[in-house]
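First the structure, in the form of structure tokens, and then the observations on it.
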Amino acid sequence: IGINLRMMVVQGAVIINPEWTPTQAPVNFGVEGCYFVPYKMYNVGRAPYGWAKWKNIDGVERSYKLKGLGAIIFQHELSHLNGKCCIDEGKEIKMEHSQTPKIK
């Protein structure tokens with residue numbers, strides 16, 4: 001549409017041109033899934049916390065220290081903007097068919 005912006009929506013917040021600065025803390029590995037690869041789960045390494053910076057829909061700059069699930073979600077969605085998915089960043093966890101998460 002002729003607008004050179006990187007955008008993502010996380011928990012209803014419009015995030016424009018996001019940046020992520022992880023800490024030097026060791027990476028934590030956790031199980032992640034993604035709608036791009038349904039019915040599969042991956043063990044993905046992410047920074048446990050770091051600093052997120054972006055502009056909101058009104059052009060106001062925001063900067064927050066994110067940790068826990070918020071940090072994981074931010075990094076996951078930012079990976080998509082960088083052209084990567086769980087397949088590229090983690091190792092698939094083989095699961096029995098009965099363990100496969102159901103998408104409703």
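The values are calculated or read from the model by the stated rules, or taken from the named source; none is laboratory data. Every value quoted in this text rests on a predicted model; they were computed, and no experiment measured them. For neighbour counting, all protein chains shown are included, and Cβ atoms are generated from backbone atoms with ideal geometry for every residue, glycine included. Surface accessibility is based on the protein's heavy atoms, side chains included, excluding ligands, DNA and RNA. Shrake-Rupley method; radii C 1.70, N 1.55, O 1.52, S 1.80 Å.
Just a few scattered comments:
- Within-13-Å neighbourhood charge of Leu66 [Cβ basis; K, R +1; D, E -1]: +3
- Nearest-ten-degree value, helix 68-81 long axis tilted from longest Cα axis of the chain: 80
- A crude spin-label estimate for the pair Val9 and Met95, with each label 7 Å from Cα along the Cβ direction, gives 2.6 nm.
- For Arg62 and Asn82, the FRET efficiency from 1/(1 + (r/R0)^6), where r spans their Cβ atoms and R0 equals 35 Å, is about 0.95.
- Ligands, DNA and RNA left out, the 1.4 Å accessible surface of the chain is 55% carbon and sulfur atoms.
- Calculated Kirkwood radius over Cα pairs in Å (choose from (1) 14.9; (2) 14.4; (3) 13.4), label: (1)
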